[in-house]
Amino acid sequence: MDVLVHASPPNSPKSHLYSPSALKTKNNIETIQEQQKPHQDSSSSQSPVITMSKDSSISVREDQKARTNKRYIFLLVINYSFLFVGSLSSSLLLKFYFNHQGSSRWVSTWVQSAGFPLLLFPIYLPFYVFKCTDRRPFSLFTPKLLILSIFIGLMLGLNNLLFSWGNSYLPVSTSSLLLSSQLVFNLILSVIIVKQKITFQNFNCVILLTLSSVLLALGSSHDKSQGLTRAKYFIGFLSTIGAGLLFALYLPVMEKIYRRIYCYEMVVEMQLVMEIAATALATMGMASAGGFSEMKRESQVKFDKGARVYWVTVFANVVTWQLCFMGTAGMVFLTSSLTGGICMTALLAMNVLGGVVVYGDEFGGVKVVSTVLCGWGFCSYVYGLYLKMKEEKEMENKNHGMEMVHNAVAPNNV
C-alpha cells in the first residue's frame with residue numbers, strides 16, 4: 001500500500017504517518033522539493049505527488065489538478081460537458097414533471113441524488129475489470145474525509161429540497177435567473193473560506209448579477225402559473241434564493257477539501273458518499289410523507305402523460321442530475337469554486353432560453369435586461385481570468401529567462 005508524502009516539515013504533526021525507516025528518505029525528498037518549489041499562487045496545487053511504498057521505493061504522481069498534466073484538458077472538457085448537459089436537461093425535465101401533474105417535491109428531491117449507483121462504475125471498473133490503474137478504490141479515504149462527505153451530502157440534500165420547492169412554483173426562466181445570485185454568495189464565501197482575491201472583474205461581476213436578481217424580483221411577480229397564489233410564488237422565490245445560498249457555500253467548502261486531494265478518482269468517491277447521504281435524507285422524507293406510495297399512485301393516476309412516460313421522466317432526471325453534480329464537482333477540483341460557479345451561471349442563460357423555447361415561458365423586457373446583465377457579468381469575469389493567465393505567462397517567461405542567464409553565468413564564476 002502506498003503512503004502519500006507531502007512537503008511537511010520533519011516535526012510536523014503528520015510525521016507519525018510514516019515509518020521510522022522511511023523518515024530519512026522522506027526528509028531528503030522534502031529538501032529537494034523545497035529547493036525546486038516554483039513561485040506560484042497559494043491557491044494552486046500543481047506540484048507532483050510523491051508516493052512511497054513499503055519497500056521504500058519512490059514514485060512520482062503528477063497532481064491531476066496541474067495544467068501540465070496530460071489528463072487535465074481531457075478531464076476539464078468532460079466535466080464541463082457533464083455540467084452543460086446535466087444542468088440544461090435536469091432543469092427542463094423537472095419542469096416537465098411538474099407541468100404534467102407531478103406534484104411530489106420529495107420525489108423531485110430524491111431523483112437529484114438517487115443516481116449514485118452510476119458512480120460505482122467509474123470507481124470500481126478501472127481497477128477490478130479494466131486493470132488500467134494500480135490505485136485501489138477508497139484506499140486513501142480517511143475517516144475524517146468520510147465524515148466531511150456525509151455532512152456535506154446532508155447539506156446537499158437540503159439544497160435539493162429547496163431547489164425542488166422553488167422550481168415547482170416558478171417558471172424555469174425565473175428560477176434559473178434567480179439561481180444566478182448564487183455567484184454573489186459564492187464570491188463572498190470564497191473570500192472567507194478559501195481566501196479568494198477580489199479583483200475589479202470579480203466585483204463588477206457581483207454588482208451586475210445583484211442588479212440582475214433585484215430587477216427580476218421587482219418585475220416578475222406577475223409571471224406565475226395559473227392558480228398560484230402570491231404567497232406561494234414568494235415561497236418559491238425565497239426557496240430558490242436559499243438553494244442558491246446553500247450551493248454557494250457548498251462550492252468553496254469543497255474547494256478547500258479538494259486542495260488535499262491529488263486525483264480525480266477520489267473526487268468521484270467523495271461524490272458517491274455525498275450522494276448516498278443526500279439520498280438517505282430524501283428517502284427518510286419520502287417515507288415519512290408516504291412518498292413511495294404516492295409515486296406509484298402518481299404514475300398511474302395523476303401524471304397526465306401515462307405511467308411509461310412518468311418512469312422515463314424519473315429515470316432521465318436521475319441520470320441528468322448525476323451528470324450535473326459530477327460535472328460541478330469536477331470543475332471545482334480542476335479549477336476553483338468561483339470558476340465552477342461562473343460556469344454554472346453561464347449555463348443559466350441556456351436554461352432561460354430552454355424554458356422559453358420548450359415551455360413558452362414569458363420573456364419580457366425585465367428578463368431581457370436581467371439576462372444581458374448576467375451575460376455582462378460573466379464576460380467581465382472571463383476577461384479577468386484572461387488578464388490573470390496573461391500575467392502569469394509573462395512572469396513564467398521572465399523567470400525562465402533569468403534562470404537561463406543564471407545557468408550561463410554560473411560556469412564562468414567557477
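The values are calculated or read from the model by the stated rules, or taken from the named source; none is laboratory data. This one's a predicted model, so the numbers in the text were calculated from it and none came from an experiment. Using ideal geometry, Cβ is built from the backbone for each residue, glycine included, and neighbour counts are taken over all protein chains shown. Side chains included, ligands, DNA and RNA excluded: accessible areas come from the protein's heavy atoms. Shrake-Rupley method; radii C 1.70, N 1.55, O 1.52, S 1.80 Å.
Mind telling me which of the residues Asn351, Asn397 ends up being more than 30 Å from Asn99 (Cβ to Cβ) and either exposed (fewer than 14 other Cβ atoms within 10 Å of the Cβ) or touching a residue at least 12 places away in the same chain (Cβ under 8 Å) (or both)?
Asn397
Restricting to the range 297-320, give me the number of residues that are over 20 Å from Gln112 (Cβ atoms) and either assigned to a helix (DSSP H, G or I) or open to solvent by 70 Å² or more (accessible area, probe 1.4 Å) (or both).
The number of residues fulfilling the criteria is 8.
Can you tell me how many residues in the range 70-109 are crowded, with 19+ Cβ neighbours inside 10 Å, hydroxyl-bearing (Ser, Thr, Tyr) and assigned to a loop (DSSP other than H, G, I, E, B)?
Here the count works out to 1.
Quick check on my filter: what residues within the range 367-384 are over 22 Å from the mean Cα position of the chain (by Cα), surrounded by 18 or more Cβ atoms within 10 Å (Cβ to Cβ) and hydrophobic (A, V, I, L, M, F, W, C)?
Correct list: Leu373 only.
Across the range 321-339, which residue is surrounded by the fewest Cβ atoms within 10 Å (Cβ to Cβ) among those that are out of contact with any Gly (no Cβ under 8 Å at 6 or more places or on another chain) and small (Gly, Ala, Ser)?
In this case the residue turns out to be Ser336.
Pairs needed: first member in the range 270-288, in contact (Cβ under 8 Å) with a residue 40 or more places away in the chain; second member anywhere, not in a helix (DSSP H, G or I); C-beta distance under 6 Å; at least 6 residues apart or different chains.
Glu275/Ser113; Ala278/Ser113; Thr279/Ser113; Thr279/Ala114
In this structure, does Gly340 turn out to be of a type in the set (Gly, Ala, Ser), in a helix (DSSP H, G or I) and modelled with pLDDT under 90?
yes
Out of curiosity, is Leu338 more than 14 Å from the chain's Cα centre (by Cα) and under 22 Å from Tyr381 (Cα atoms)?
In short, no.
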